[in-house]
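Student: Please see the structure below; I have some questions.
What follows draws every value from the coordinates through simple rules; no lab data is involved. Keep in mind that this is a model prediction, so the values were computed, not measured. Methodologically, a virtual Cβ is constructed for each residue, glycine included, from the backbone with ideal geometry; neighbour enumeration extends over all protein chains shown.
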Amino acid sequence: VLVRAAPTRLANELRITEALLRELRRGGFDPAQVAAAYHSLIELTVGAAAIDATMAAEPAAARRRAYREWRAHYGTLDPAEFPNAVAVAGHLYEGSADDRFVFALDALLLGIRVTAQGFDAGADPRREGVAKSVTSTPRAK
């Protein structure tokens, strides 16, 4: 079973949970921030695993071919109905699932950090332009 409706609460899952919570607490987050960041990280990783598991089992050439087909399909959509999908079609599914996951994780971690800083300053980052600052911050290499 790849995806469950609830945490297993078995030894390995509990160890992963403990390690993530420990590192988030070490990062200086308060308990509510730790919990929110933990849930974000778990949801990203489980979601990525569920979506990418089938493709990961395929040979690299088959994955590249599938990604090319997907991009081509998005590019043939009706631009009046799907203008954004058509506009970025050539960039969808570029690279590997691992590359896309690393980008998503970097963006999520940056967002968690910026959000926590906003809360620390007493501001509500949802109203103080945090999304803008996250998207305008250069990605670390």
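Student: How far apart, in nm, are the 7 Å Cα→Cβ label points at ARG22 and ASP52?
Tutor: The modelled label-to-label distance comes out at 2.5 nm.
Student: So what are the three principal axis dimensions of region 30-88 from its Cα atoms, in whole Å, longest to shortest?
Tutor: Dimensions of region 30-88 along the principal axes of its Cα atoms: 47, 34, 12 Å.
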